[in-house]
Structure formats: structure tokens, C-alpha cells
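Peer 1: Starting off with a structure, shown below.
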Amino acid sequence: MGKYLGMEVSFAAAEAVKLCNVDVVAAYPITPQTHIVERLSQFVADGELDAEFVPVESEHSALSLCVGSQAAGARSFTCTSSQGLALMSEIVYIVPALRLPIVMILANRSLSGPLSIWNDHSDVMSVRDCGWIQLFVENGQEVFDHVIIAYKIAENHNVLLPVMINMDGFILSHMFEPIKLMEQEDVDAYLPPYQPKFVLHPDKPVTMGAYAMPALFTEAKKAQEEALLASYPHILQAWKSWEKVSGRSYHPVETFCSEDAETLFITMGSLGETAGEAVRVLRGQGKKVGLLKLRLWRPFPFHDFYKAIGNAQRLIVLDRAVSYGGPGGPVAGEIRSALYNMENRPQVINFVAGLGGREVSVESFLEMFISSIEGKASGYQLFGVRG
Amino acid sequence: MQEIRFHGRGGQGAVTSAELLAQAAIIEGKYARAFPSFGPERRGAPVTAFCRINDGPIFLRSVIEKPDIVIVLDSSLFRAVNVTEGLKDDGILIVNSANAPSHFTSGRLHKVATIDATRIVLDVLKQPITNTILLGSLLRVADIVSMDSLLSSIRHRFGDKAFRLNMQVIEMAYKEIVIHPEWKQE
């Protein structure tokens, strides 16, 4: 295994895509795009990656092209952010229904308006119910690892679903930090060449993307949901085999100091590191505080979640998107639903924070903790709004 | 943990400076992170870049508000940005300027050094990119990473030809840096 090398996280993501030896990269090459695509186009131009690189005219076209290439049996990759995902969203819903194992990185950034290019989770939450397997990562190494893991999961014939890797825009995409890359032979041993189950080919015609009359549509949707739920053990298996290759282990819900915790922070994405620092500070003061980090967002890991919350009495749930006029942020909404049937369910306090690039610091978490235990915060609130 | 903040203008290499320094630390087996102030990128506009170096893992991704070291790639920024904001009283300030260090102490700081970097790089590199010469100046006055690690980092980033030219400007940085008389070098 190699040693640590400093690189921008976007470049690390591109290295991982190259190691997966993808056949097609289709992406809209300018804003809102990341350096991932810039680097991949260079790899292709320099002959380091034998792939078709298609700089399409829109994100809608980027994913449409991937649908075509993946259906023809080519391992395909795209990535985008914010408005790009919004423009792409029509096709986003079609990919899992066609059971195409495309991998996409979403560098999470806010949706306009007001116009903002900075980080939050409003983009991914706009396609929450799209049917992709959705993962969140916390740092550059996790981004690198999960590109390779995502293809392993997606292409498994018991899965055959697209995977979306959510990494925080700027906070991760523009961060230069130490990454341990992998040798090509180790990645090849982990991720065999793509073997499609069904291919569009004139010699053996099949239909993909058929029309469904009301008599069939509900059954098709039921089958799609069953497929997503059935992916869960294969996701765990892909992580387990990755641990054997890399020594790094991943779980649907990651925990930190949670065992005896009375209060738990719940985060997704890069805020997990900041929350972890806050937990260290609070533990130093003797407070029974822990942290849960949701890595797997879809399929939602209910059992892991119940196990992880243990006997906690208070959950402080961080959301990075607003559900206007709804019951709170989308993550807290799901968590409240998940807890509803429990007899002694913990209190849920929901903070929507870090919108459009607003910094969430260790001190912010300490403030959330204090206002929660003092009863000043309850239900749902936007954190840090200036008066 | 060492926290270093770079101030430059778009195109001068502030972000690259932070990354080169982080890479040098990573080469030494330390942990480091570097990142720019996030936002639209425009040539000539003020740019801030950050670098954290630590022996163990770093979990912070927030901007550096109380730096140990501030490096200013363009002294015209003193009129546009409060570059020494939050700099610790015993913190280090290095400025690309033909002026003496006393010009920048503002009565509070004493660990100040200047180098006429633009003149040197225009002469040697033929372009006004002052990142490597300022990193060279930093290593002359502070033990952040070894010179070998910095040179490996530069070579890794720019290749052999640019490496040789940059090595030349770093050598000149060692000779031409002007250190404030009140700053006792250990």
C-alpha cells in the first residue's frame, strides 16, 4: 500500500475514477463543476485513461449520455453540483428505474436563490426520493475509497442500481490534504471488469425504459423499492471486502463516544469531523455526549440507527437544507419518523445550519448543545440567524 | 499545530503556496491541510489561503482566524485587507516588499521580515509569481518543514525545469531577506 500524498480532494476523486478504468466520462465542464472533471479530461488527453470523455452541453445531457453508454455495457461516470443536479434531475429519476449502475459524485452545493455557489445539502435533498443508493463522505480519503466501493456495489448483479456519492462542495472538493492512493492491481482485484446483465445490442434486442400502463406502474415501483432495500447487505459486503484491501472500514452509521451517551449529535458529511471535535471538548468537561454520522442515506439504515442511538435521551440533528413550511429539516424529519414507534423515544432537536457556505464551527456545536440542554432550543430552528 | 495564512492576489500563487507547504509537511510524515477562501476566482482580486500543519491528524476545516504566521505576497493588500488581523503578538509576518520590516510592525509585531520578491522573480523566473521565494524566506526564519521537503514538494508539483529556477530564487531568498532588528533569531 502506498504512502500519504497531499492532493486536492477533487484530484483524489479523479484518481479513483481512473483506477476504476471507466469507459465513459460525460460531464458539463464548467460551473457548477469541480476539478474532478478537469483532471479526468487531462487523464484522457494524456492517454493515462482509455475512456471516451464527452464535454456535453448540459448536465441533463451528461446523465442522458451516461444512460446510453451504461445501457450499451460501458462503465460510466459523471459528476455535478447544485444547479447542475437540478437541471439533470429529470434523468436522475430514470436511472434506477432502468437499473443502470452509474456512479456519480455530487459536490454538495446550495440551490439558488439567492444565487450561491457555496456548500450545503439543498441539492441532494431535492432528489432525496430518486431511488439511487446515496452515501455521504467525511474527508478526502473517504471520497477516494467510495468511488471504487460505489462501482463494486452498483455493478453487483444483485444490486444493479446507481450510486450517488455526496461530498461537501468546497469544504472537501477544494481541500488539499493527505490521501493514500491504491495500486492498480489492488483495485483490479477488488473491482473486476464490468459485466452487464442486460446490454442494448442489435443482435439480442431488449427493451429498456418501457412504457407502463396503470396496471403495471405500481408493481414496477414496488420492484424498484425492493431492489433498493435488497442492496443493503451487498453494500455491507462491499465495505467488508474493501477493509481487507485497504485496512479502512466503513459502516452505515458511524459512531463516536456514543455508547454511554445521553445526548447524541447526528450529522452527515464533513461536519462529522467538526462535531467530533465538539464531542471531545464536551467529554473533557464530563458531559455524556456522543456522535452518530449517517453514511448511508438511502437505503436508510434503520436497524443500525436504532442500535446506535442506544439509550440516548436527546438527539441533536443537524440539517443542511430547509424544507420550507415542513416539519423541520429533511434528516430530522426522517429520524422523527424512524423513532415514532419506539416506547421511550428520545427528544429530537433539529438545527438547520451551514446553509450556503455559512461556517459551522466547534463552538457552534457547543452552543447547540448548551441551548438544547437548557431547553432554549427545541423542535426545529435555523442556527445562527442574525437578528 | 502551526497555522499559516497567505494573502495574495488571484494569479500570484497564494493557494499554491499553501499547498506546497502542506505537501512538504506531508512528505515529512506530518499531517497537513491547505485550502483557499472559497468563492469565485478572479485574477487580481484579493485571495486568502490557509495551511495547517500538525504532528497528528487535523479535524478542522474552518478558516484560520488566529494565525501563527502571515505571509503577504503583495504589499498593496495592506490598503485593501487587514492582513494581520488575528495574528498572534509573537506571530511571524513576512511581506513581499522593498521596504524595511519596520514599515509593517504596526507597533505590535516584532517578528517581521521583508523580501523584495517581485524584483528577484522577475529577474529569474521572468514572471511575477512569488510563492516559492516567500516559502524560502519563511524557512529562513522559521522551522516549519525542512528545506529538502520543500524542494521535494516543489519538484513534485512543477517538474524538473521549473524546479531548478525555483531553487535559484529560494537561495536568493536566504541571502536577501531583511529581518527586523528586534527579532532575535534563535
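The values are calculated or read from the model by the stated rules, or taken from the named source; none is laboratory data. Remember, it's a predicted structure, so these values are computed and weren't measured experimentally. Every residue, glycine among them, receives a Cβ derived from its backbone with ideal geometry; neighbour counts consider all protein chains shown.
Peer 1: Hey, can you tell me all the residues within region A:174-196 that are over 30 Å from B:ALA49 (Cα atoms) and either outside the structural domain of A:LEU106 (by TED's automatic domain parsing) or not aromatic (Phe, Trp, Tyr) (or both)? Full working, then the answer.
Peer 2: Here is the first cut: in region A:174-196, the ones over 30 Å from B:ALA49 (Cα atoms) are A:183-196.
Correct list: A:GLU183, A:GLN184, A:GLU185, A:ASP186, A:VAL187, A:ASP188, A:ALA189, A:LEU191, A:PRO192, A:PRO193, A:GLN195, A:PRO196.
Peer 1: Do you know which of the residues in region B:107-151 that are small (Gly, Ala, Ser) and within 17 Å of the chain's Cα centre (by Cα) is surrounded by the fewest Cβ atoms within 10 Å (Cβ to Cβ)?
Peer 2: Per the stated criteria, the residue is B:SER146.
Peer 1: Select from region B:21-49 the residues that are at pLDDT below 95, farther than 19 Å from B:GLU65 by Cα and within 8 Å of chain A (Cβ to nearest Cβ) and list them in ascending order.
Peer 2: Selection gives B:PRO40 alone.
Peer 1: Next up: Tell me the residue from B:ARG61, B:ARG52 that is at the interface with chain A (Cβ under 9 Å from one of its Cβ atoms) and among the basic types (Lys, Arg), please.
Peer 2: Working: B:ARG52 fails: at the interface with chain A (Cβ under 9 Å from one of its Cβ atoms).
The conditions single out B:ARG61.
Peer 1: For region A:87-123, how many residues are out of contact with any Phe, Trp or Tyr (no Cβ under 9 Å at 6 or more places or on another chain) and within 14 Å of chain B (Cβ to nearest Cβ)?
Peer 2: Selection size over region A:87-123: 3.
Peer 1: Shifting gears a bit: Here is a list of conditions, (1) small (Gly, Ala, Ser); (2) surrounded by 22 or more Cβ atoms within 10 Å (Cβ to Cβ); (3) farther than 27 Å from A:GLY247 by Cα; (4) more than 14 Å from chain B (Cβ to nearest Cβ), and A:ALA74 meets all of them except one; can you say which number that is?
Peer 2: (2)
Peer 1: Also, I was wondering about something else. Going by what's in this entry, would A:GLU138 be described as within 14 Å of another protein chain (Cβ to nearest Cβ) and at pLDDT 95 or above?
Peer 2: Yes, satisfied.
Peer 1: I would also like to ask the following. Search region A:98-142 for residues being touching a helix residue (DSSP H, G or I) at 6+ places or on another chain (Cβ under 6 Å) and assigned to a helix (DSSP H, G or I), and hand back the single one that is farthest from A:PRO299 (Cα to Cα).
Peer 2: A:GLY140
Peer 1: Determine which member of the set A:GLY329, A:GLY357, A:GLY333, A:GLY325 is surrounded by fewer than 17 Cβ atoms within 10 Å (Cβ to Cβ) and either in contact with an Asp or Glu (Cβ under 7 Å, 6 or more places away or on another chain) or among the small types (Gly, Ala, Ser) (or both).
Peer 2: A:GLY325 is the lone residue from the list that is surrounded by fewer than 17 Cβ atoms within 10 Å (Cβ to Cβ) and either in contact with an Asp or Glu (Cβ under 7 Å, 6 or more places away or on another chain) or among the small types (Gly, Ala, Ser) (or both).
Peer 1: Does A:ILE153 satisfy the condition of being touching a His at 6+ places or on another chain (Cβ under 7 Å), of a type outside the set (S, T, N, Q) and surrounded by 22 or more Cβ atoms within 10 Å (Cβ to Cβ)? Full working, then the answer.
Peer 2: Working: touching a His at 6+ places or on another chain (Cβ under 7 Å): yes; of a type outside the set (S, T, N, Q): yes; surrounded by 22 or more Cβ atoms within 10 Å (Cβ to Cβ): yes.
Considered against the rule, which asks whether it is touching a His at 6+ places or on another chain (Cβ under 7 Å), of a type outside the set (S, T, N, Q) and surrounded by 22 or more Cβ atoms within 10 Å (Cβ to Cβ), A:ILE153 comes out as yes.
Peer 1: Taking into account only those residues within region A:164-179 that are in a strand (DSSP E or B) and among the hydrophobic types (A, V, I, L, M, F, W, C), which is farthest from the other protein chains (Cβ to nearest Cβ)?
Peer 2: A:MET164
Peer 1: On to the next question. Scan region A:1-46 for residues that are within 14 Å of another protein chain (Cβ to nearest Cβ), in a loop (DSSP other than H, G, I, E, B) and touching a residue at least 12 places away in the same chain (Cβ under 8 Å) and jot them down.
Peer 2: A:GLY2, A:LYS3, A:THR31, A:PRO32, A:GLN33, A:THR34
Peer 1: While we're on this one: Before we move on, is B:SER17 within 13 Å of chain A (Cβ to nearest Cβ), of a type outside the set (Phe, Trp, Tyr) and closer than 24 Å to B:HIS180 by Cα? Before you say what the answer is, go through the steps one by one.
Peer 2: On the way: within 13 Å of chain A (Cβ to nearest Cβ): yes; of a type outside the set (Phe, Trp, Tyr): yes; closer than 24 Å to B:HIS180 by Cα: yes.
For B:SER17, the condition - within 13 Å of chain A (Cβ to nearest Cβ), of a type outside the set (Phe, Trp, Tyr) and closer than 24 Å to B:HIS180 by Cα - is met.
Peer 1: Moving on to the next point. Are any of the residues in region B:1-22 surrounded by fewer than 24 Cβ atoms within 10 Å (Cβ to Cβ), free of Cβ contacts under 8 Å to residues at least 60 places away in the same chain, assigned to a strand (DSSP E or B) and out of contact with any Cys (no Cβ under 9 Å at 6 or more places or on another chain)?
Peer 2: No, because not a single residue in region B:1-22 is surrounded by fewer than 24 Cβ atoms within 10 Å (Cβ to Cβ), free of Cβ contacts under 8 Å to residues at least 60 places away in the same chain, assigned to a strand (DSSP E or B) and out of contact with any Cys (no Cβ under 9 Å at 6 or more places or on another chain).
Peer 1: A:SER323 - would you say it is outside any loop (DSSP other than H, G, I, E, B), outside the structural domain of A:ILE133 (by TED's automatic domain parsing), among the hydroxyl-bearing types (Ser, Thr, Tyr) and farther than 18 Å from A:LEU282 by Cα?
Peer 2: no
Peer 1: Give the number of residues within region A:287-320 that are in a loop (DSSP other than H, G, I, E, B) and on the phi < 0 side of the Ramachandran plot.
Peer 2: Within region A:287-320, residues that are in a loop (DSSP other than H, G, I, E, B) and on the phi < 0 side of the Ramachandran plot number 10.
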